[in-house]
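First the structure, in the form of structure tokens, and then the observations on it.
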Amino acid sequence: MSDPEFHRIRRLPPYVFAEVNRLKAAARAAGRDVIDFGMGNPDQPTPPHIVQKLIETVQDPRTHRYSNSKGIPGLRKAIAGYYSRRFDVDLDVENEVIVTLGSKEGLANLAQAITSPGDVVLAPNPSYPIHAFGFIIAGASVRHIPPCSPQDFVASVERAWKHSVPAPIALIVNYPSNPTAEVRDLSFYGEVVEWARSRNIYVLSDVAYSEIYFDDVPPPSILQIPGAKDVCIEFGSLSKTYSMPGWRVGYAVGARKLVNALGRVKSYLDYGAFTPIQVAAIAALNGPQDCVEDLRQLYKKRRDVLIEGLAGAGWDIPSPPASMFAWAPLPERYRHLTSLEFSKLILEKANVAVAPGIGFGEYGDTHVRLALVENVDRIRQAVRNVKQFLQEE
């Protein structure tokens, strides 16, 4: 009996990262020392005070029962407190805040909540895969917004809106961006909100990297724009800010209609994260924040060693102003290759694993993404390997 061709699975292309991961595993099995910049998987331990709160809470058997699918009240209050301190945005804890199992789950389940078959969504390209594929899985069609300057963004989405039938229901924005590391200011968000309100379209903002920045001005929230909460929902995560990726704690805040729609779907799908994890997340948000600054400085040091080292090796890469990624154009002599071909080549020749840009959309195929998840000594070794690789005839 042949495998059934399930409709939703047919709409998903092969996961290109899987091929690189397979080759990486084979190289390691053969005894090669692979330096891995592929997956954005934080390598630092979760701060001790957060871990300790988890341990303390899990010892109470009352916390072992079902939790709350929208998040325990204390965590929703802590998220609202963070938005008040960081962005000067007031949130209604009951109607404008919901806890998610990481931002990825929240984005995917909101897509399920608001999408009808045949709906159209506007998504940047390149972008984090769930931005587009969350809606594709839900039955929507995606019209991609190719790379453009901040000044041209609204004109670009307006063109896409005009040429979409039916009219799009949502626009996705992601700054600091994964994979490009770009950031945007409040004037940009102001234009996006004004356009969205004029077109009666929702905006989904992903700010998972809002606390990993290297310039003096922190990245803003779209909810800082007056009237944004009428049309915007914003997704965030504790994964990168507090080195808690495996804990799966995220949130969505903003437009109550969208927050409530997400909550209704989640009420059928899950009972929320394990309560001790949520209590530990409260300790993260309300506790000392020096651990966040320490992590920021760690990534900045790694960024500088990587960018300066590769420039010296003959590979010029823009220095990312935020996020834990560098978005690297293929070296000039290899620009005839696809990003997947180059990723395979640099793994074979330099023992360095990177993420092929095609995995983030067709407009990313001229780049690869490097994650700042190896320590400085390993980064320097990678630079030496890459330099030797690039100097080969």
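Throughout, read-outs are computed from the coordinates displayed, never taken from laboratory work. Small disclaimer: the values here were computed from a predicted structure and weren't measured. Every residue, glycine among them, receives a Cβ derived from its backbone with ideal geometry; neighbour counts consider all protein chains shown.
Some observations on this one:
- Between Gly71 and Val99, the built amide H atoms are under 5 Å apart, and every one of these is 5 or more places off in sequence or on another chain.
- Spatially proximal aspartates and glutamates relative to Lys162 (Cα-Cα < 12 Å; intrachain offsets below 8 disregarded): none
- Amide H contacts under 5 Å for Ser141, placed H, 5+ residues apart: Gly118, Asp119, Val120, Val121
- Put in line by how crowded their Cβ is, counting other Cβ atoms within 10 Å and starting with the fewest, Phe6, Phe17 read Phe6, Phe17.
- The alpha-carbon of Lys229 sits under 17 angstrom from the alpha-carbons of these aspartates and glutamates, leaving out residues fewer than 8 places away in its chain: Asp88, Asp90, Asp92, Glu94, Glu96, Glu191, Glu194, Asp206.
- Size descriptors for segment 149-248, from the alpha-carbon set: Rg then Dmax equal 14.3, 42 Å.
- Percent of beta bridges antiparallel (DSSP, the chain, rounded to nearest 5): 50
- Seen from a random direction on average, the alpha-carbon convex hull of segment 234-393 projects onto 12.1 square nanometres.
- Summarising the overall dimensions of segment 236-330 from its C-alpha atoms, the Rg and Dmax are 18.4, 54 angstrom.
- Area projected by the alpha carbon convex hull of segment 89-137, averaged over all directions, nm²: 4.6
- Couplings for segment 354-367, taken from phi via the Karplus curve 6.51 cos²θ - 1.76 cosθ + 1.60 with θ = phi - 60°, read 10, 9, x, x, 4, x, 10, x, 4, 6, x, 6, 8, 9 Hz in order; Gly and Pro are left as x.
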